[in-house]
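Notes follow once the structure below has been shown.
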Amino acid sequence: MGPIEVLWGTVVLFFVMITLVRGYTRELGITILLLLVLFVEVYFGQQIETILKTKVFTQVFKLLNVQQNDELQRLLLALIFQSALILVLYLGYEGRTLSFPGAPAKGLEGFLLNVFIGVVNGWLFAGSIWYYMDKYGYPYLTKWGLLKTEWTKTAEALMKFMPPKLFEGRPEVLAAFAAILIFLSIRR
Amino acid sequence: MLLQEAQKTSTWQGLITLLLFLAAFGYLGWKRGYRRELVTLVAIFIGHRIWTGSLGDTFVKWVNQFYLMGRIALEARFDLGKMMELAQKINDMEKLITPERKEPVLFFTFLGLVLLGYGIGHAKCCLGTMLRKLLDAPPSLIGGLFGALNGYLIVIWLFPTLFSILPGAGAGQPVAARAVEPAAQATTRDVLAEGIKELAALFGLDPAQLLVVIVGLIVLWIAWRSR
């Protein structure tokens, strides 16, 4: 596998392509959903993790007669935080989508706005997925030889800019942006 | 402590000056529209490559070749025989851009290209009218952002050490000596980086968070116009 930032960049690029096809007025709805989930994950993250570790995992492991395993626990934690994002993204694209009513700009301006919103959504989604993998130490991925954790300087620099990391101390900023976007989407 | 204070004040002064530049260019970009600003951006990049990059040598080579070809043709009054004769002495002829002239010529080429970039979308005759129609775009924030970017590039490339954030380092020396003292100068990029840190600290954020807030504000603007 190549450097992890290339993989991350590819996912961001997918979001740009999706936005180019769907238009940024629709994709802004996805931005709202991602901001809301991120707010919940960053604001309640520590509590969720504690509850899962102390109450849920112990019971589940006992029930399934599985020995307490730190790596498995970290994998489950990463998957839970990541699946919330994936689920919301799926719901955002599936069925009735939350979108802005206005007509998207045309021509080069529309293209630039699409690219911008695509990059923002890609950064919110792929950045958070990467952040949770990193936070829980890439469980099993290194063990199974799927990933080598010898990061390049770019990867290390990028890690500082991942959304949950940036808003660890100020999750209310995420909620504020989401609230303003919701207000703008319903106010004509 | 006093030096630190002076440095901080100077950073703010530098940042405010830089922001005023960006605001002025941003306003210009807002009014001119993003298409004209994109053309200017391309002109600035090409100009900079000619001024400091590898394109400079190619540019000098081409200009000199065209100049010598023209000179031979004129001196020989377009007589093919004479032209061939003169072509033998091409190495003895003085070039238009000699190594001594190279630096100023390339600098003025950069300036010329920047001005051309700004003027090309406003010409009112012949091909210019067609271009003007093609580049017409309503005032918009995107134009403003591109305008500010153009302004930033012009400032960092034309005045790389315009702003000093280390006033104390050259204190006690004559002004001219201070001007050449490298330690007393900080590049415009340093001022921007330092200024962003100071600005972010003012709101209790770190620079990366401030950057994200700016991105967020642009997203809000896009959402506002998509209502």
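Below is a table of values for the structure above.
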| quantity | calculated |
| --- | --- |
| Most mobile of A:Lys165, A:Lys55, A:Lys135 in a GNM of chain A (Cα contacts under 10 Å) | A:Lys55 |
| Dipole magnitude of the protein assembly as shown about its Cα centre (Cβ charges: Lys, Arg +1; Asp, Glu -1), debye to nearest 20 | 1200 |
| Buried solvent-accessible surface, both chains (A, B), 1.4 Å probe, Å² to nearest 100 | 2300 |
| Heavy-atom accessible area, 1.4 Å probe, ligands and nucleic acids excluded: residues of segment A:141-175 down by at least 10 Å² from chain alone | A:Phe161, A:Leu166, A:Phe167, A:Arg170, A:Val173 |
| Separation of the B:Leu158 and B:Glu100 label points, Cα + 7 Å toward Cβ, nm | 2.8 |
| Candidates A:Val173, A:Val40, A:Val60: whichever shows maximal mean-square fluctuation once chain A is modelled as a Gaussian network with Cα springs under 10 Å | A:Val60 |
| Estimated Rh, chain A: Kirkwood, alpha-carbon pairs, angstrom | 18.0 |
| Shielding by other protein chains, A:21-28, mean Cβ within 10 Å | 2 |
| Those residues of segment B:198-227 for which accessible area with every protein chain present is at least 50 Å² below the isolated value (1.4 Å probe) | B:Gln209, B:Val212, B:Val219, B:Leu220, B:Ile222, B:Ala223, B:Arg225, B:Ser226, B:Arg227 |
| Nearest-0.05 FRET efficiency for B:Leu115 and B:Asp92, computed from C-beta distance (R0 35 Å) | 0.45 |
| Greater than 20 Å apart at Cα, pairs in A:Lys153/B:Lys197; A:Lys160/B:Lys197; A:Lys55/A:Lys165; A:Lys135/A:Lys160; A:Lys53/A:Lys143; A:Lys62/A:Lys143 | A:Lys153/B:Lys197; A:Lys55/A:Lys165; A:Lys53/A:Lys143; A:Lys62/A:Lys143 |
| Dipole in debye (nearest 20) - segment A:1-149, about Cα centre, beta carbon charges: Lys, Arg +1; Asp, Glu -1 | 240 |
| Calculated FRET value between A:Val119 and A:Leu146, using beta carbons and R₀ = 22 Å, to 0.05 | 0.25 |
| Chain A, helix-only ellipticity at 222 nm - DSSP H runs n ≥ 4, -39,500 (n - 2.57), divided by all residues, nearest 500 | -23500 deg cm²/dmol |
| Estimated FRET transfer efficiency when R0 is 60 angstrom, pair A:Leu63-A:Ile186 (beta carbons, to 0.05) | 0.85 |
| With every protein chain in place, segment A:4-186: carbon and sulfur % of accessible area (1.4 Å) | 67 |
| Segment A:4-186: relative contact order in percent, alpha carbon pairs under 8 Å with at least 6 residues between | 43 |
| Dipole of segment B:1-144, positive end: most advanced residue of B:Thr17, B:Leu41, B:Tyr27 [Cβ charges, Cα centre] | B:Tyr27 |
| Pairwise centroid distance, computed over Cα atoms, of segment A:97-146 with segment A:32-92, Å | 20 |
| Selection from B:Met130, B:Met93, B:Ala76 lying farthest towards where the dipole of segment B:75-135 points positive, charges on Cβ | B:Met130 |
| Chain A: most fluctuating residue of A:Glu71, A:Glu150, A:Glu172 per GNM, C-alpha cutoff 10 Å | A:Glu150 |
| Rounded, prolate or oblate (a/c below 1.5 giving rounded, otherwise prolate when a/b exceeds b/c) for segment B:42-128 by Cα gyration tensor | oblate |
| Between helix A:70-93 and chain A: long-axis angle, C-alpha atoms, 0 to 90°, nearest 10 | 20 |
| Cα-based equivalent ellipsoid of the protein assembly as shown: semi-axis lengths in Å, sorted from largest, via gyration tensor | 52, 28, 25 |
| Between 0 and 90°, nearest 10: helix A:24-51 axis offset from chain A longest Cα axis | 20 |
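The values are calculated or read from the model by the stated rules, or taken from the named source; none is laboratory data. For clarity, every value in this text was computed on a predicted model and none was experimentally measured. Quick reminder, even Gly has a Cβ in these numbers, built from the backbone with ideal geometry, and neighbours come from all protein chains shown. For accessibility, only protein heavy atoms count, side chains too; no ligands or nucleic acids. Shrake-Rupley method; radii C 1.70, N 1.55, O 1.52, S 1.80 Å.
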